[in-house]
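The values are calculated or read from the model by the stated rules, or taken from the named source; none is laboratory data. Computed from a predicted structure; not experimentally measured. Neighbour counts are summed over all protein chains in view; Cβ atoms, including those assigned to glycine, are modelled from backbone coordinates with ideal geometry.
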Amino acid sequence: MTPRWTATGLSQDLPKAVAVAGYGHGHDLAVWRSATGRLQAWNDRCPHRGMRLSHGFVRGETLACIYHGWVYGTEGGCKHIPAHPALTPPTTITVTAFACVEQDGVIWVAPADMAGSPPAISGMQPLRSISLTCGVADVLAAEPTLSGQDVLRGLVQIGGQTCGVCLVVQDSPAGLTLHVLCGLGADKVAASRWVEDLRRRAEAKGAA
Amino acid sequence: MIRLYDYVLSASCYKVRLMAALVGVKMDHEAVDFHPGRAHKSVAFAQLNPAGTLPVMVDGAMILTESTAILVYLAKLAGPQWLGPDDAKAAAQVQQWLSFSGRLAASLGMARLHDMLLYQGDIDAWRKDGHAALRELEAALTERRFAGGEWLVGDAPSIADIACFPNVALSQDGGVSLDAYPSVRLWTRRIRALDRFIEMPGIHRLHELSPAPKVA
Amino acid sequence: MIAAEVLNEWYPVAMAAQIRAGQRRVTQLLGQTITVDCQEGAIVVIGQGGALHVTEAYGHVWACPGTPAHDLFPIPEASEPGRRLVDVGVVRVKCSPLRAVENFLDIAHFPFVHTDVLGAEPHTEVNRYEVQIREDSDEVWATKVTFYQPQAAKSSEGGIVTQYMYRVAAPTAAVLYKTCPNRTDAWDVIGIFVQPLSEELCDVWPWMALYDDVSPQAELIAFQQMIFLQDRSILENQIPRLLPLDPGMEIPTQADLTSIAYRRWLKKRGLTYGAQMVAA
């Protein structure tokens, strides 16, 4: 697989001090934001007993596992093991981190040594993320004005106006997710309803 | 004292327990052996509630069934702001969400009972209906967010939010993940962070809300 | 092919009272469909190859798909006069049966998963305890286990140190002994009997033998179900699903001595159903 940036969510859906589940590059991810807003994307697995870190809790600049409360700092090393409060955890206890940046309101992930930046999306505002039970081909068939591969772009009719949209494709074993951005002047409610309609039409294509 | 016939794992009973905690109403809990005993279906229980369902609330001579009805009662009694704004539109929207909460129980709730307690039924249909309902909830909450709103109706949490919350927050118990519904997830977090919020099994405490203990 | 060592063990498959009341239970055991019902007063378990060995104990029906290597383990407390025996009721979990047992043996999670019930921050330290594999019974035992449990929800004053013993009595059955609040000379006994439907799906049958003349049955059941259901979303989100028996993938500490012994014991005895051997 050629290393490239893939989207795992929108910045607006990850407030400070929250961890969520994400996906990228064949891995389930724990994507989290510290109390000061620093973003991390880690392998979604605590090295202790394999519990998903995306279920964990953020305090300050650390993410703790919900199972036994093991605390990890932003660089991925274990800082504290509650069962042994006086112990300095061995430096070997770490979580694998992925490269993670936010750009244009989108959270992008890539392998840790990834060079370069994610694809630029200018002149757009983040709208919402939406999951579909069909494939990208069905989306393109339902909306032929869209084109692209990893990022679908086009001009569509929203609320009686022509509007630019950008749909960033995220494929995972759970299915297809589109992270949708729209033109800066767009009516977001109308755009959101357009996205719902697109999904219905695309899924109908997929089911046909 | 108000008595609640209760089952610790019931999402519907939890709606009532949660509401009572949020508005500060103390209740006497009478545990009913829902599983494995199926006591709610017994002849003895039918004297209290012929429908054989939980929760049942008894206040003096009044016996009240249906969790959403009990939410209305508790709100009227101790927290009328929880009924939502007083205008026609808001009142109707609250009713719409109370009805919607029934769909969540009939889909996500049943999937949970199937996966956890071996209830028999069309699990694929329950999960499919559950996802359909979650999509509607996601769309509605997303539109509320565009307007700067955080709750289903109005600018404050209401019985609409409490009625819908349990089956949504417990959806993974029935094999329905909330990963695909970011607005829904943010809304469940907001509810879990409310003052006087109480958990139930399957909904963890938000440890992030308490500070890290000082290491002795 | 499932190893003979696995087939020759006893597994819970039903609640005896429910089968005697007329229920016919169709379920899975180690990936095979079985039926459990009562025929002419006797409980019978039938699989694809015919009848399985059956025994009834601790409120549950136990079946052995192979040839039993030994009798079902004893729990003498179950027949002590004055004990309340509680069948807590089945809960299904999408996890390895071995993960379910290992979680039952663990105490370090109490403050985070059973918050304000079995434990609370900052009382997270796990004191040293002792673990042995008892040669005579070939069981894993953890003794002198202590954990600080606050009495009041938010207060750290007035807490008590609860004493525990843990026992792995069969590959998918464990028993915990807990200091009894009502008597100084006896333990309360809580069992977890895990039915492996497949390597990644199990039916968990909790059971208790307590000294408690006061609490209604429904409350005792509710409390134990509450504790177990708090663990369920943890169990369904551990990766890999199969319990790793080789070191390397998971990192135990001193607090995990019982789990380390359990995994070593499973590996030594060839009880690898629900486990994986190669560290990823």
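What single numbered condition from (1) under 17 Å from the mean Cα position of the chain (by Cα); (2) assigned to a strand (DSSP E or B); (3) within 14 Å of chain B (Cβ to nearest Cβ) fails to hold for C:GLN224?
(2)
Which one of A:THR74, A:THR62 is more than 13 Å from chain C (Cβ to nearest Cβ) and closer than 23 Å to C:HIS114 by Cα?
Values: A:THR74 fails: closer than 23 Å to C:HIS114 by Cα.
The unique qualifying residue is A:THR62.
Would region B:151-166 turn up any residue that is within 14 Å of chain C (Cβ to nearest Cβ) and over 18 Å from A:GLY56 (Cα atoms)?
Yes, region B:151-166 contains a residue that is within 14 Å of chain C (Cβ to nearest Cβ) and over 18 Å from A:GLY56 (Cα atoms).
Would you kindly identify the strands (runs of 3 or more DSSP E) lying entirely within region B:19-83 that contain at least 1 residues that are among the acidic types (Asp, Glu) and at pLDDT 95 or above?
Working: elements: B:27-31, B:56-59, B:62-65.
Filter on region B:19-83 gives B:27-31, B:56-59.
Would you tally the residues in region A:129-182 being in contact with a Pro (Cβ under 9 Å, 6 or more places away or on another chain) and not polar (S, T, N, Q)? It would help to see each step written out before you state the result.
Looking only at region A:129-182, we keep the residues that are in contact with a Pro (Cβ under 9 Å, 6 or more places away or on another chain), and these are A:129, A:150-151, A:154, A:168, A:179-182.
Filter once more, so that each one left must be not polar (S, T, N, Q): A:150-151, A:154, A:168, A:179-182.
Within region A:129-182, residues that are in contact with a Pro (Cβ under 9 Å, 6 or more places away or on another chain) and not polar (S, T, N, Q) number 8.
What pairs can you find where one residue is in region C:264-276 and more than 11 Å from C:VAL6 (Cα to Cα), the other is among the β-branched types (Val, Ile, Thr), and their Cβ atoms are less than 9 Å apart, with a gap of 6+ or different chains?
The qualifying pairs are C:ARG264/C:ILE133; C:ARG264/C:VAL140; C:TRP265/C:ILE133; C:TRP265/C:VAL140; C:TRP265/C:VAL168; C:LYS268/C:ILE133.
Those residues that are without any contact (Cβ under 8 Å) to a residue 24 or more places away in the chain, assigned to a loop (DSSP other than H, G, I, E, B) and of a type outside the set (D, E, K, R), I need them from region C:159-205; list them, please.
Answer for region C:159-205, where residues must be without any contact (Cβ under 8 Å) to a residue 24 or more places away in the chain, assigned to a loop (DSSP other than H, G, I, E, B) and of a type outside the set (D, E, K, R): C:PRO181, C:THR184.
Take C:ALA255 and tell me if it is facing another protein chain (nearest Cβ under 10 Å), free of Cβ contacts under 8 Å to residues at least 12 places away in the same chain, over 23 Å from C:ALA170 (Cβ atoms) and not hydroxyl-bearing (Ser, Thr, Tyr).
Values: facing another protein chain (nearest Cβ under 10 Å): yes; free of Cβ contacts under 8 Å to residues at least 12 places away in the same chain: no; over 23 Å from C:ALA170 (Cβ atoms): yes; not hydroxyl-bearing (Ser, Thr, Tyr): yes.
Judged against the criteria, C:ALA255 is not a match.
If I go through region B:32-46 residue by residue, how many of them are within 11 Å of chain C (Cβ to nearest Cβ) and not basic (Lys, Arg)? Steps first, please.
First pass over region B:32-46, keeping only residues within 11 Å of chain C (Cβ to nearest Cβ): B:32-40.
Now restrict to residues that are not basic (Lys, Arg): B:32-37, B:39-40.
Of the residues in region B:32-46, 8 are within 11 Å of chain C (Cβ to nearest Cβ) and not basic (Lys, Arg).
Within region B:97-127, track down each residue that is farther than 24 Å from B:ALA160 by Cβ and either away from chain C (no Cβ under 14 Å) or without any contact (Cβ under 8 Å) to a residue 12 or more places away in the chain (or both).
Correct list: B:LEU118, B:TYR119, B:GLN120, B:GLY121, B:ASP122, B:ASP124, B:ALA125.
Are any residues in region A:86-124 surrounded by fewer than 17 Cβ atoms within 10 Å (Cβ to Cβ), more than 25 Å from C:ILE251 (Cβ to Cβ) and of a type in the set (A, V, I, L, M), and if so, which ones?
Answer for region A:86-124, where residues must be surrounded by fewer than 17 Cβ atoms within 10 Å (Cβ to Cβ), more than 25 Å from C:ILE251 (Cβ to Cβ) and of a type in the set (A, V, I, L, M): A:VAL101, A:ALA115, A:ALA120.
Any chance region C:229-238 includes a residue that's within 9 Å of chain B (Cβ to nearest Cβ), in contact with a Pro (Cβ under 6 Å, 6 or more places away or on another chain) and either over 21 Å from A:HIS55 (Cβ atoms) or outside any loop (DSSP other than H, G, I, E, B) (or both)?
Within region C:229-238 (the criterion being within 9 Å of chain B (Cβ to nearest Cβ), in contact with a Pro (Cβ under 6 Å, 6 or more places away or on another chain) and either over 21 Å from A:HIS55 (Cβ atoms) or outside any loop (DSSP other than H, G, I, E, B) (or both)), the answer is yes, since at least one residue qualifies.
Are any residues in region B:30-42 in contact (Cβ under 8 Å) with a residue 24 or more places away in the chain and surrounded by fewer than 19 Cβ atoms within 10 Å (Cβ to Cβ), and if so, which ones?
Answer for region B:30-42, where residues must be in contact (Cβ under 8 Å) with a residue 24 or more places away in the chain and surrounded by fewer than 19 Cβ atoms within 10 Å (Cβ to Cβ): just B:GLU30.
A quick yes/no check of all residues on (1) among the charged types (D, E, K, R); (2) buried (at least 17 other Cβ atoms within 10 Å of the Cβ); (3) in a strand (DSSP E or B); (4) out of contact with any Ser or Thr (no Cβ under 6 Å at 6 or more places or on another chain):
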position: A:CYS166; (1), (2), (3), (4): no, yes, yes, yes
position: A:VAL169; (1), (2), (3), (4): no, yes, yes, yes
position: A:LEU178; (1), (2), (3), (4): no, yes, yes, yes
position: A:CYS182; (1), (2), (3), (4): no, yes, yes, yes
position: A:ALA191; (1), (2), (3), (4): no, yes, no, yes
position: A:VAL195; (1), (2), (3), (4): no, yes, no, yes
position: A:ARG200; (1), (2), (3), (4): yes, no, no, yes
position: A:GLY206; (1), (2), (3), (4): no, yes, no, yes
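Taking region C:73-89 as the search range and keeping residues that are surrounded by fewer than 24 Cβ atoms within 10 Å (Cβ to Cβ) and of a type in the set (Val, Ile, Thr), which one is farthest from C:SER233 (Cα to Cα)?
C:ILE75
Find the residue count for region B:59-74, including only residues that are of a type in the set (Val, Ile, Thr) and in contact with a strand residue (DSSP E or B) (Cβ under 8 Å, 6 or more places away or on another chain). Working first, answer last.
Narrowing region B:59-74 to residues of a type in the set (Val, Ile, Thr): B:63, B:65, B:68, B:70, B:72.
Next, only the ones that are in contact with a strand residue (DSSP E or B) (Cβ under 8 Å, 6 or more places away or on another chain) stay: B:63, B:65, B:70.
Going through region B:59-74 one residue at a time, the tally reaches 3.
Confirm whether A:VAL139 is buried (at least 19 other Cβ atoms within 10 Å of the Cβ) and under 24 Å from B:GLU138 (Cβ atoms).
Details: buried (at least 19 other Cβ atoms within 10 Å of the Cβ): yes; under 24 Å from B:GLU138 (Cβ atoms): yes.
Yes.
Based on what the data block shows, is B:SER171 touching a residue at least 40 places away in the same chain (Cβ under 8 Å), under 18 Å from C:LEU229 (Cβ atoms) and within 17 Å of the chain's Cα centre (by Cα)? Can you show your working first?
Values: touching a residue at least 40 places away in the same chain (Cβ under 8 Å): yes; under 18 Å from C:LEU229 (Cβ atoms): yes; within 17 Å of the chain's Cα centre (by Cα): yes.
Criteria met by B:SER171.
Name the residues in region C:83-92 that are at the interface with another protein chain (Cβ under 8 Å from one of its Cβ atoms) and not in a loop (DSSP other than H, G, I, E, B), would you?
Here is the first cut: in region C:83-92, the residues at the interface with another protein chain (Cβ under 8 Å from one of its Cβ atoms) are C:87-92.
Within region C:83-92, C:ASP87, C:VAL91, C:ARG92 qualify.
Exactly one condition in (1) more than 15 Å from the chain's Cα centre (by Cα); (2) part of a loop (DSSP other than H, G, I, E, B); (3) within 12 Å of another protein chain (Cβ to nearest Cβ) is false for B:SER183; which is it?
(2)
How many of the residues in region A:80-113 are within 14 Å of chain C (Cβ to nearest Cβ) and without any contact (Cβ under 8 Å) to a residue 40 or more places away in the chain? Walk me through it before giving the result.
Taking region A:80-113 and keeping what is within 14 Å of chain C (Cβ to nearest Cβ), we get A:80-96.
Filter once more, keeping what is without any contact (Cβ under 8 Å) to a residue 40 or more places away in the chain: A:80-92.
The qualifying residues number 13.
Return the residue satisfying two criteria in turn: it lies in region A:4-45 and is more than 16 Å from A:THR96 (Cα to Cα) and of a type in the set (S, T, N, Q), and of such residues it is surrounded by the most Cβ atoms within 10 Å (Cβ to Cβ).
It comes out as A:THR8.
Take B:ILE203 and decide whether it is within 25 Å of A:ALA174 (Cβ to Cβ) and either within 13 Å of another protein chain (Cβ to nearest Cβ) or in contact with a His (Cβ under 9 Å, 6 or more places away or on another chain) (or both). Steps first, please.
Values: within 25 Å of A:ALA174 (Cβ to Cβ): yes; either within 13 Å of another protein chain (Cβ to nearest Cβ) or in contact with a His (Cβ under 9 Å, 6 or more places away or on another chain) (or both): yes.
Here the answer is yes, as B:ILE203 does meet what is asked.
Examine region C:51-60 for a residue that is assigned to a strand (DSSP E or B), touching a Gly at 6+ places or on another chain (Cβ under 9 Å), surrounded by 13 or more Cβ atoms within 10 Å (Cβ to Cβ) and of a type in the set (S, T, N, Q), and state whether such a residue exists.
Checked against the condition, which is being assigned to a strand (DSSP E or B), touching a Gly at 6+ places or on another chain (Cβ under 9 Å), surrounded by 13 or more Cβ atoms within 10 Å (Cβ to Cβ) and of a type in the set (S, T, N, Q), region C:51-60 yields no hits at all.
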